[in-house]
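Have a look at the structure below before the remarks.
Only the coordinates and a few stated rules stand behind these numbers; no lab work does. Computed from a predicted structure; not experimentally measured. Please note: Cβ atoms are built from the backbone with ideal geometry, for glycine as well, and neighbour counts cover all protein chains shown.
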Amino acid sequence: MSTTAINLLRENVRGTVIEPDDPDYDAARRVFNGMHDKHPAAVLRVSQTADVIAAVRFARDAELPVAIRGGGHSAPGFGTADGALVLDFSPRRGVWVDPAAKRARAEAGTTWGDYNHATHAFGLASTGGILGSTGVAGLTLGGGIGFLARKYGLACDNLVSADVVLADGTFVRASAEENADLFWGLRGGGGNFGVVTSFEFELHPVDIVHVGIVAFPASEGFAVGQFYRDWIAAQPEEFGAFFAYHQAPPVPFIPEEWHGRQVALIVGMWTGDLAEGEARWQPVLKAGPVVGSLVAPMPYPFLNGAFDEGNPPGLQGYWKADFAKELSDDILRVAQEYGSTVPSLATANHFYPIDGAVQRVAPDATAFPYRSVGFAPVIAGQWENPADNEANIAWVRSYWRALHEFTEPAGYINFQDADDQGRIEVNYAANYARLASVKTTYDPDNFFHINQNIKPALAGAAAEAPAEPAPA
């Protein structure tokens, strides 16, 4: 696209427009996943909602695709695209808290680290992600699994309203009272329906919590997984914890001789009466031979940011995910086999519980339909050297194929990669037809398609996507 054309955009926005010839272009085009080396036509660092309105109208007139970047964590790299206009919300990270009403409003570039910092000042929180650097926008729009989900539901279950710029450049608010069908679709339907410029959440009293990170040898993972399965099912909803495999990070509470070796972990927090915390964690510390542990009262934001240093931007990344009705022995055997060979320090294999408050929401109450499954497994391959791409991608795919024999056809869209597009319909199950109808209402031309894409109903009727992906 010519500079003359881009200058038309510059004249109508307050934010910075960056083109390929600009010195900041290489930095501006990068996303969290270093595997995606895209060259957009321009990047707009959004200053205000008026910029978004102008940019969407400009892109439509210029026939430019639009990529929306909040926190930039999208594993498939949906925050950028070749030849696209990127709407970069990274300058828009404000959070406004109303402690009396127990509400918070966050701009679209806000990370969960930003959000938790703002709300923790008032002893309040909403369900957020596992990493502090994850964006509020992408996580919420895809559903939003986090440590508080068993007690307070998914991030999307805590969403009260959203401000949205639609595909024709108009601005609307979506809530239970306004544009209710759009609000329904935003809660789990991804970035398919418009550009969300701010999110309003319900807040809950969460302040100091009893954190636990307990590591065991990966060789003990099957037995530890069996313990976790039975233990978490018996815990009050104030306990949020997941089962995992990693390479042990170089942290003080893990002996140096274990750094870089494969471990099984139970990670989480007790958010109930703090005086009960130590006793609540004692069974976990007896679940197997402990390599190392950190069990202590901490501010709620601590655990959300504890893994950020080990997940810096720029790593290569490839992810796969499913839902599972239960952590069956078959699943746990596969998990130990592959968990014992985790190939890199940043690679993570987690099993998140889907129960408690999440299951008390009806499957058709929001776009996120999988309320009756027990767990959400994710295989998040991440590594430093692009020369290792082929081997690491092959490991993730091999693990996923072995696990998929015992899991559901669908998976959580926030944990899926670009080659999972063929799973979109099954991921939304009975909600897909309604999502396609909402898409037809708000984006009939599929203008917003750089995402886990839901096609408008009329277009979708002509093409049937396969229910299962063919691993590339």
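Assorted remarks:
- Calculated [222 nm] ellipticity per residue, helices only, for the chain: -7500 deg cm²/dmol; basis is -39500 (n - 2.57) per DSSP H run with n ≥ 4, divided by all residues, nearest 500.
- Inter-part distance where segment 402-464 and segment 60-130 are each reduced to a Cα centre, Å: 22 Å
- Within segment 3-88, percent of DSSP bridges classed antiparallel, to nearest 5: 25 percent
- Segment E326-E405, extension gain: residue separation times 0.36 nm, minus the distance between their alpha carbons: 27.1 nm
- Sites Q226 and F253, calculated FRET efficiency, Cβ-Cβ separation with R0 35 Å, nearest 0.05: 0.90
- Each Cα pair under 8 Å and six or more residues apart adds its separation to the average, and for the chain the resulting relative contact order is 15 percent.
- The equivalent ellipsoid that matches the C-alpha gyration tensor of segment 14-149 spans semi-axes of 29, 16, 12 angstrom, in descending order.
- Computed E for I208/A362 - FRET, C-beta separation, R0 25 angstrom, nearest 0.05: 0.15
- Dipole of segment 3-88, positive direction: furthest Cα of G70, Y25, F58, with charges on the beta-carbon: G70
- Along segment 259-266 the Karplus relation, 6.51 cos²θ - 1.76 cosθ + 1.60 evaluated at θ = phi - 60°, assigns HN-Hα couplings of 4, x, 8, 6, 9, 9, 9, 10 Hz to successive residues, with x for each Gly and Pro.
- Between D82 and V290, the modelled labels are 5.2 nm apart [label points 7 Å from Cα along Cα→Cβ].
- Range in the chain, longest, excluding exposed trypsin sites (Lys or Arg not before Pro) [loop by DSSP; at most 12 other beta-carbon atoms within 10 Å]: 15-285
- Applying 0.36 nm per residue to the separation of E278 and E177 and subtracting their alpha-carbon distance, the gain on full extension is 32.0 nm.
- For segment 292-326, the residues whose backbone nitrogen is under 19 Å from a point 7 Å from the Cα of S398, taken along Cα to Cβ, are 317-321.
- All lysines inside 25 Å of K455 as judged from Cα atoms, apart from same-chain residues fewer than 8 positions distant: K38, K320, K439
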